[in-house]
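Notes for the one structure printed next.
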Amino acid sequence: YNGGSYSEWAPYLAGHLGGYALQTNRSNIWSALQKDWYERNYLNRNLVFNQQLGIPSKVTSPTWIASSTSGSNQYISTPVLWRNYYSIIGYHRNEYSDELWLEPNLFDSLNHQLQDALLFTPDGYATISDNTYGDSYQNQEIVFKPDYSMNVSTLYVKDLYSDSSNSVHFVKVNGADAGFLRVGSGDQKHIKINWTGVITPGGITIQVEGDPKPGIRIPSAPEDLQAISLSPSQIELRWRSSSAENFGYIIEINYDGNFQTLATTATSDTFFIDTGLLRSTAYRYRIRAYNSQGASDPSNECEVTTQNGGNGDVVTALNAGGNNYLSGEGIQYNSDAASGWVSGGTAYSTAAAIDGTEDDVLYQTERYGDFSYSIPLENGSYDVVLKFAEIYQDAANMRVFNVDAEGKRAIFNLDLYMRTGKYKAYDVVVPLEITDGILNLDFISVRDNAKLSGLEIRRNVTGINEQLSKKIPENYFLFQNYPNPFNPETRIQYALPEESHVKISVYNILGELAKILIDENKSAGFYSVDFNGGKYPAGIYFYQISAGRFQAVRKMILLK
């Protein structure tokens with residue numbers, strides 16, 4: 001605005017579209033947009049609103065005046081991410097009054113720190129850093145460095161402290177005590193610092209310490225994380241909560257030596273099943289608890305190797321979205337379209353080379369969308385080898401999908417790019433039992449499209465329960481049923497470190513016995529038992545195990 005503040009347009013032009021570009025890993029677009037925005041303002045600040053979508057970012061010779069001042073192609077706004085870059089760095093300056101606000105929003109995904117975040121103003125570039133600490137990360141050390149000299153009449157920072165009169169212990173500017181007032185209310189509370197001067201390119205440092213607001217504090221780290229391989233493609237995690245103030249948990253997985261977020265839960269359940277994994281592969285996990293104040297330190301790390309599988313004789317093999325193909329191992333893949341066993345989906349192919357396989361042709365084709373297979377099979381135990389390769393998307397979180405096998409969720413929220421990158425073979429083994437002469441597979445899109453490159457159906461020579469029973473667990477354990485919620489059938493697994501008399505019972509929400517699933521002696525090992533809720537009303541049920549001195553109860557939900 002001619003008479004004062006000029007920062008409001010930044011969230012529109014640089015924030016909305018720039019934030020979207022950052023969130024989708026297009027940092028080059030974000031950088032060009034930021035520089036272009038700076039150049040336009042620098043040349044003629046009064047014309048900043050005359051922007052239109054049709055003008056591309058041009059850093060060296062910007063087109064800073066719009067060819068039209070009306071129409072739908074007039075300004076840049078992508079209102080899909082309101083928490084944009086400029087709201088995170090928290091910079092605002094009123095040029096008319098020389099007031100300066102430095103109020104970063106440091107979320108747990110940033111580890112409550114900001115380091116040399118670059119910002120653009122009509123007068124030049126600047127960086128802002130913020131190191132927060134304390135029980136609720138309420139204490140602040142903010143360093144602001146412009147590349148030009150800036151006149152300041154008053155400084156503002158966030159008021160993150162208790163309402164008592166002495167809760168703010170000190171405010172320092174460049175190491176010297178500074179007077180302050182606490183102004184505003186609700187979410188608009190600020191500490192107004194009585195400091196007047198010139199901020200040079202050498203920068204300014206603001207330190208504030210005090211007592212946090214009462215209420216929820218950052219939770220303690222989860223404890224006793226354990227992991228067990230349920231199948232060649234599934235790992236179950238179990239942990240113990242050390243805080244009653246959790247909103248949920250952040251599950252982290254180690255890839256290439258670095259932990260990254262795998263999933264975030266919004267419940268108090270202390271278990272998680274990771275699906276869509278590679279067979280005979282080691283995976284390392286850790287867990288964080290979180291609430292409105294942030295995320296805890298990580299739990300202990302836990303590593304487990306998935307089971308082997310998919311080594312039996314091939315019964316049937318299909319090329320998804322492609323033609324008949326004979327693999328290097330002599331396996332005949334038939335076109336899924338010609339088989340008559342597939343419904344839905346669209347075929348797509350690429351000529352790009354595929355890593356991790358000699359059968360590039362198989363992985364260069366795909367069926368994508370929402371589609372299903374109904375494949376006739378003799379009853380028995382099988383390993384279904386689902387073959388994938390990401391041949392379209394260029395970033396994580398762009399394609400996410402589920403796979404149901406025999407009506408049960410076998411793969412949940414699979415992100416191929418996150419798991420293995422682009423143009424690389426990725427085979428997932430799903431063991432299952434066929435009891436009705438038909439194998440049913442459903443591919444369900446979550447974000448963008450589900451996909452499949454090919455599949456093999458191999459005989460499972462040991463059987464699912466037999467694979468589990470060969471391992472000897474260290475402790476008694478009752479696993480969460482899977483799937484949950486379920487309709488009508490679900491599987492309950494349990495672990496016995498020694499021979500025990502086992503009784504597993506199911507109760508309704510009134511505590512009435514619905515069914516005894518097992519009541520017999522079992523040797524040490526891992527076991528599973530199925531519960532069919534077909535004849536029971538929908539609702540919440542509980543299943544209880546008694547084995548030796550061990551007892552445990554878990555909740556499950558039957559949907560109809």
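The values are calculated or read from the model by the stated rules, or taken from the named source; none is laboratory data. Predicted model only: the values in this text are computed from it and were never measured. Cβ: placed from backbone, ideal geometry, glycine included. Neighbour counts: every protein chain shown. Side chains included, ligands, DNA and RNA excluded: accessible areas come from the protein's heavy atoms. Shrake-Rupley method; radii C 1.70, N 1.55, O 1.52, S 1.80 Å.
Numbers for the structure displayed
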| item | result |
| --- | --- |
| Gain on full stretching of the segment that runs from Asp448 to Ile331 - 0.36 nm per residue minus C-alpha separation | 39.0 nm |
| Additional length obtainable on full extension of the chain from Ile540 to Asn111, 0.36 nm per residue less Cα span | 150.7 nm |
| Solvent-accessible area per residue, Å², over the stretch 408-541 with all protein chains present [probe radius 1.4 Å] | 44 |
| Residues Ser372 and Ile29, FRET efficiency given R0 of 56 Å [Cβ-Cβ distance, rounded to 0.05] | 0.90 |
| Pair Thr346, Thr196: separation of 7 Å Cα→Cβ label points (nm) | 6.5 |
| Cβ charges +1 (Lys, Arg) and -1 (Asp, Glu), total dipole of the stretch 205-269, debye | 100 |
| Peptides 167-174, 197-204 ordered by average Cβ neighbours within 10 Å, highest first | 167-174, 197-204 |
| Evaluated over the stretch 283-329, the Cα radius of gyration and Dmax, each in Å | 21.3, 57 |
| Förster-model FRET efficiency, 51 Å R0, Val315 and Asp135, C-beta, rounded to 0.05 | 0.30 |
| Zero-based 10 Å bins, Cα pair distances in the stretch 196-328, whole percents | 10, 29, 21, 17, 13, 6, 4, 1 |
| Calculated FRET efficiency for the pair Asn324/Asp269, C-beta based, R₀ 51 Å, to 0.05 | 0.65 |
| Magnitude of the charge dipole, the stretch 414-560, Cβ model with Lys/Arg +1 and Asp/Glu -1, debye to 20 | 360 |
| Volume per residue of the C-alpha convex hull in the stretch 357-435, rounded to whole Å³ | 107 |
| C-alpha center-to-center spacing [the stretch 312-373, the stretch 103-170] in angstrom | 54 |
| Over 18 Å (Cα to Cα) - which of Lys535/Lys560; Lys145/Lys189; Lys408/Lys515 fall in this group | Lys145/Lys189; Lys408/Lys515 |
| Options Ser229, Gln188, Gln207, ranked by Cα towards positive dipole end of the stretch 185-238, top entry (Cβ charges) | Gln188 |
